[in-house]
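Peer 1: Here's a structure for you.
The values are calculated or read from the model by the stated rules, or taken from the named source; none is laboratory data. Just so it is clear, the model here is predicted, and its values are computed rather than measured. In this analysis, Cβ positions are derived from the backbone assuming ideal geometry, glycine residues included, and neighbour counts consider all displayed protein chains. Heavy atoms of the whole protein, side chains included, go into the accessibility calculation; ligands, DNA and RNA do not. Shrake-Rupley method; radii C 1.70, N 1.55, O 1.52, S 1.80 Å.
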Amino acid sequence: MTSVNFANDLNDLLTGPNVHVQLSVPQLVEAATSRGEAVLTREGAVKAETGKYTGRSPKDKYMVEEESSKNKVDWGNVNRPISSEVFEKLYAKVIKHLKEKDALFVFKGFAGADHESRVPIQTINEYAWHNLFAHQLFIRPTAEELKTHEAEFTVVYAPTFQADPAVDGTASETFIIVSMEQRIILIGGTEYAGEMKKSIFSIMNYLLPEKGILPMHCSANVGQDGDVTLFFGLSGTGKTTLSADGDRKLIGDDEHGWSDNGVFNIEGGCYAKTINLSRENEPQIYDAIRFGSVLENVVVDPVTRIPDYDDESLTENTRAAYPMQAIDNIVDPSVAGHPKTIVFLTADAFGVLPPISKLTKEQAMYHFLSGYTSKLAGTERGITSPEATFSTCFGSPFLPLHATVYAEMLGNKIDEHDVQVFLVNTGWTGGEYGVGSRMKLSYTRTMVRAAIKGELSNVPTEKEAIFGLEIPVQVPGVPTEVLNPRNAWADKDLYDQKALELAHKFQQNFQKFGTVAPKITTLGGPIQK
């Protein structure tokens, strides 16, 4: 029997004398700046620094091991178990800590733009700028919706409360704990606002499959005829660049659900990287940063108050949070029909994978489970040559259930809606990184647009020998010599060697799924040699 009355404690906290509920953007901007939490840029964006933690803390993220979830969660390095007793004691300490603060800020909203499946949420924040972040990232209720809003999930965020690992049973002073039974996300010891965003995404990855909805870490856009395209890809693969198309409207840039009704955005805003941001290269993001946007760890000139997006002295992971409505070419509300095309993006620094290839359902499931791209020399300490990296379902840190649950759902959706799936390599051609060259963005855009328009549906293909990928023999506007990667290499034997090496890395990675997906392995993976 629990010794903590969660409902009463939350109610006491929310009815305290210094609680500010659903402040407007101007009010939150004023609160954040007047309290010394942040400064204003020339455009009126709120600039804050997150201190020690400038990114997520995956090793400090836990799920409470509860009766209802313990046999469903895929426990391990991503989903670390923590006991109810530890959670309850830490929760009581955090509530006491927050009650002693001179002000708290509450945001009420939704996760999920589809009214049939959206989840009412609320965030309780110690910092005004964190509450502004939630206000910009999640879906805001109308005045009428706010009257009847009852949160199903609550984020309790106390950045200045630090756990004592020896006493509190955590790995460090930082903790992000999700209780599915109590419907609470408890965050402390870190000021990185992105923990709120990704925690909500994690609980949606748990809840949506129960409703027959596939949660996805992807961007999505829609054409003038209502044709929807999904873009999956890890950092550096070109997901944001390729999904931003002047001829198509953006549904969302990061998190989506795919229900029986179609695709919907889980969020109400964008959380964009800003390192080296310029209007010339990314006008959509640059112009979206305006009054009320939140800038994390961006260096701002103290006199001119102009952001220096090239300065990475605080971190390379500089970010901007702004609402979808700050972008002109969007779908509002952010819901659309079923996808016609899915694009998996990879930046293969080994120069092995084709610039575009058509996937069977099994290959789509295999590459979805693999979530492959490359790390380049110089991007991280100790990396002197390209390294293969895999992130299951293109979002492994946020998957509470076993990955094959999501892959099976994807396979069923592909069958049900006759979706065309393409693997697009935005990486190297003619040799690996340092020898070959990066695939021209203009070629990639041309290939992706041809795929979306259905122009590759009936084009003859040739089968690549090692991964079994079907490569179009021609794409209008793209030189035929770059379509088959082996032809682009001067040393064909070296290409074969590198391709076999990469195939082996895929196979090694796939071993973590055990024998649960033999059909996917056999029909979707590299040819066994």
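Peer 1: Would you check which residues across the range 484-499 are part of a helix (DSSP H, G or I) and open to solvent by 80 Å² or more (accessible area, probe 1.4 Å) and list them?
Peer 2: Arg486, Asn487, Asp493, Gln497
Peer 1: Would you mind telling me which numbered condition in (1) modelled with pLDDT of 95 or more; (2) in a loop (DSSP other than H, G, I, E, B) Ile185 fails?
Peer 2: The number of the failed condition is (2).
Let's see how each residue does on (1) more than 13 Å from His130 (Cα to Cα); (2) open to solvent by 80 Å² or more (accessible area, probe 1.4 Å); (3) touching a helix residue (DSSP H, G or I) at 6+ places or on another chain (Cβ under 7 Å):
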| site | (1), (2), (3) |
| --- | --- |
| Phe6 | yes, no, no |
| Asp9 | yes, no, yes |
| Leu14 | yes, no, no |
| Pro17 | yes, yes, no |
| Val21 | yes, no, no |
| Pro26 | yes, no, no |
| Ala32 | no, no, yes |
| Glu37 | no, no, yes |
| Ala48 | no, no, yes |
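Peer 1: Filter the range 390-412 down to residues that are open to solvent by 10 Å² or more (accessible area, probe 1.4 Å), in contact (Cβ under 8 Å) with a residue 60 or more places away in the chain and out of contact with any helix residue (DSSP H, G or I) (no Cβ under 7 Å at 6 or more places or on another chain) and give me whichever is farthest from Met63 (Cα to Cα).
Peer 2: Selected residue: Ser391.
Peer 1: Further question on the same structure: Consider Pro120 carefully, then state whether it is assigned to a loop (DSSP other than H, G, I, E, B), out of contact with any Leu (no Cβ under 6 Å at 6 or more places or on another chain) and modelled with pLDDT of 95 or more.
Peer 2: Values: assigned to a loop (DSSP other than H, G, I, E, B): no; out of contact with any Leu (no Cβ under 6 Å at 6 or more places or on another chain): yes; modelled with pLDDT of 95 or more: yes.
So Pro120 fails the test.
Peer 1: Given (1) open to solvent by 10 Å² or more (accessible area, probe 1.4 Å); (2) within 20 Å of His367 (Cα to Cα), where does Gly257 come up short, assuming only one miss?
Peer 2: Looking at each condition in turn, Gly257 falls short on (1).
Peer 1: Is it the case that the range 342-349 has a residue that's at pLDDT 95 or above, more than 19 Å from the chain's Cα centre (by Cα) and either under 30 Å from Glu116 (Cβ atoms) or among the β-branched types (Val, Ile, Thr) (or both)?
Peer 2: No; the residues of the range 342-349 include none that is at pLDDT 95 or above, more than 19 Å from the chain's Cα centre (by Cα) and either under 30 Å from Glu116 (Cβ atoms) or among the β-branched types (Val, Ile, Thr) (or both).
Peer 1: Of the conditions (1) among the acidic types (Asp, Glu); (2) at pLDDT 95 or above; (3) surrounded by fewer than 17 Cβ atoms within 10 Å (Cβ to Cβ), Glu481 satisfies every one except a single condition; which number is it?
Peer 2: (2) is the only condition that Glu481 fails.
Peer 1: Let me ask something additional. Of everything in the range 237-266, what is part of a helix (DSSP H, G or I) and either at pLDDT 90 or above or among the basic types (Lys, Arg) (or both)? Give them in sequence order.
Peer 2: Residue satisfying the conditions is Lys239 alone.
Peer 1: Which residue pairs have Cβ atoms under 8 Å apart, sit 6 or more places apart or on different chains, and have a first residue in the range 462-475 that is within 22 Å of Leu500 (Cα to Cα) and without any contact (Cβ under 8 Å) to a residue 40 or more places away in the chain and a second that is in a loop (DSSP other than H, G, I, E, B) and open to solvent by 10 Å² or more (accessible area, probe 1.4 Å)?
Peer 2: Here the result reads Glu462/Val473; Glu462/Asn484, each pair linking the range 462-475 to a residue that is in a loop (DSSP other than H, G, I, E, B) and open to solvent by 10 Å² or more (accessible area, probe 1.4 Å).
Peer 1: From the set of residues in the range 441-457 that are touching a residue at least 24 places away in the same chain (Cβ under 8 Å) and outside any helix (DSSP H, G or I), which is least open to solvent (accessible area, probe 1.4 Å)?
Peer 2: Within the range 441-457, the match that is least open to solvent (accessible area, probe 1.4 Å) is Leu456.
Results for (1) part of a loop (DSSP other than H, G, I, E, B); (2) more than 18 Å from Pro333 (Cβ to Cβ); (3) modelled with pLDDT of 95 or more; (4) open to solvent by less than 10 Å² (accessible area, probe 1.4 Å), shown as yes or no for each residue.
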| site | (1), (2), (3), (4) |
| --- | --- |
| Trp129 | no, yes, yes, yes |
| Leu132 | no, yes, yes, yes |
| Pro141 | yes, no, yes, no |
| His149 | yes, no, yes, no |
| Ile176 | no, yes, yes, yes |
| Gly212 | yes, yes, yes, no |
| Asp225 | yes, yes, no, no |
| Thr229 | no, yes, yes, yes |
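Peer 1: Now, a different point. If you check every pair at least six apart or on different chains, which have Cβ atoms under 6 Å apart with a residue in the range 30-44 that is over 15 Å from Ile289 (Cβ atoms) first and a residue that is part of a loop (DSSP other than H, G, I, E, B) second?
Peer 2: Qualifying pairs under 6 Å: Ala32/Ala38; Glu37/Tyr127.
Peer 1: Further, regarding this structure: In the range 220-240, how many residues are in contact with a strand residue (DSSP E or B) (Cβ under 7 Å, 6 or more places away or on another chain) and among the charged types (D, E, K, R)?
Peer 2: Adding up the residues that qualify gives 2.
Peer 1: Please go through (1) buried (at least 18 other Cβ atoms within 10 Å of the Cβ); (2) closer than 20 Å to Thr174 by Cα for Lys52 and return the number of the only condition it doesn't satisfy.
Peer 2: (1) is the only condition that Lys52 fails.
Peer 1: Kindly indicate which of Ser69, Ser83 is in contact (Cβ under 8 Å) with a residue 24 or more places away in the chain and surrounded by 16 or more Cβ atoms within 10 Å (Cβ to Cβ).
Peer 2: Sole residue among the options that is in contact (Cβ under 8 Å) with a residue 24 or more places away in the chain and surrounded by 16 or more Cβ atoms within 10 Å (Cβ to Cβ): Ser69.
Peer 1: It is to be established whether one or more residues within the range 256-276 are on the phi > 0 side of the Ramachandran plot and in contact with a strand residue (DSSP E or B) (Cβ under 8 Å, 6 or more places away or on another chain). Before the answer, list the steps.
Peer 2: First, the residues of the range 256-276 that are on the phi > 0 side of the Ramachandran plot: 262, 276.
Remaining after also requiring in contact with a strand residue (DSSP E or B) (Cβ under 8 Å, 6 or more places away or on another chain): 262.
Yes, the range 256-276 has at least one match.
Peer 1: Now for a separate question. For the list (1) assigned to a loop (DSSP other than H, G, I, E, B); (2) at pLDDT 95 or above; (3) among the aliphatic types (A, V, I, L, M), I need the number of the one condition that Val516 fails.
Peer 2: Failing condition for Val516: (2).
Peer 1: Of these, Gly351, Gly411, which one is small (Gly, Ala, Ser) and in a loop (DSSP other than H, G, I, E, B)? Reasoning before the result, please.
Peer 2: On the way: Gly411 fails: in a loop (DSSP other than H, G, I, E, B).
When all the criteria are applied, what remains is Gly351.
Peer 1: Same structure, new question: Those residues that are open to solvent by less than 30 Å² (accessible area, probe 1.4 Å) and of a type in the set (Gly, Ala, Ser), I need them from the range 458-478; list them, please.
Peer 2: Gly468
Peer 1: Look through Ala158, Ala111, Ala128, Ala143 and report the one residue that is over 20 Å from Ile176 (Cα atoms) and either among the hydrophobic types (A, V, I, L, M, F, W, C) or within 20 Å of the chain's Cα centre (by Cα) (or both).
Peer 2: When all the criteria are applied, what remains is Ala143.
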